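As structure tokens, the structure follows; a few thoughts come after it.
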Amino acid sequence: MSLLAENVISAWRKQKQTDIELENNAYRGESLSFDDYFRAPKHLRAGYQMLKNAGYVPPAVETMKDIKSLQQELERTTDKQQQNELKKAIRDLRLKQQSMMPGGFSDFCR
């Protein structure tokens, strides 16, 4: 077989593989939202995108996930002492989260 034919066949196979991968994409048919992207300052967008693609999230978002996890655990437990401990942990995490947000604790002083 000639080199040209091999290259054409190879390119065709690669294109077909890409088409199959795109058809099996979990997000196929969903509209894309660029709101978060354009909310970020222009000079920080590339860095934020790299961190997001690598799976890193801001500490405030991680704290929100922790709060949700504790709330779910609180709903499942029936032990009063454990419920009180979980409520305290949730309050502490909410204060921590508030301190990370823009404005920090200044919102409480109004």
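The values are calculated or read from the model by the stated rules, or taken from the named source; none is laboratory data. Here the structure is a predicted model, which is why all the values come from computation and not from measurement. Using ideal geometry, Cβ is built from the backbone for each residue, glycine included, and neighbour counts are taken over all protein chains shown.
Against the test of being surrounded by 10 or more Cβ atoms within 10 Å (Cβ to Cβ) and among the acidic types (Asp, Glu), the options GLU23, GLU6, GLU30 yield a single qualifying residue, GLU6.
When each of GLN49, GLN82 is tested for being at pLDDT 80 or above and within 24 Å of the chain's Cα centre (by Cα), the lone residue that passes is GLN49. Close contacts from the stretch 1-25, counting a first residue that is modelled with pLDDT of 70 or more and a second that is surrounded by fewer than 10 Cβ atoms within 10 Å (Cβ to Cβ), with Cβ to Cβ under 8 Å and a gap of 6+ residues or different chains, come to none at all. In the stretch 33-108, counting only helices (runs of 4 or more DSSP H) that sit wholly within it, the ones holding 3 or more residues that are out of contact with any strand residue (DSSP E or B) (no Cβ under 6 Å at 6 or more places or on another chain), acidic (Asp, Glu) and without any contact (Cβ under 8 Å) to a residue 40 or more places away in the chain span 59-76. Is at least one residue of the stretch 45-57 closer than 20 Å to MET100 by Cα and of a type in the set (S, T, N, Q)? No, the stretch 45-57 has no match at all.
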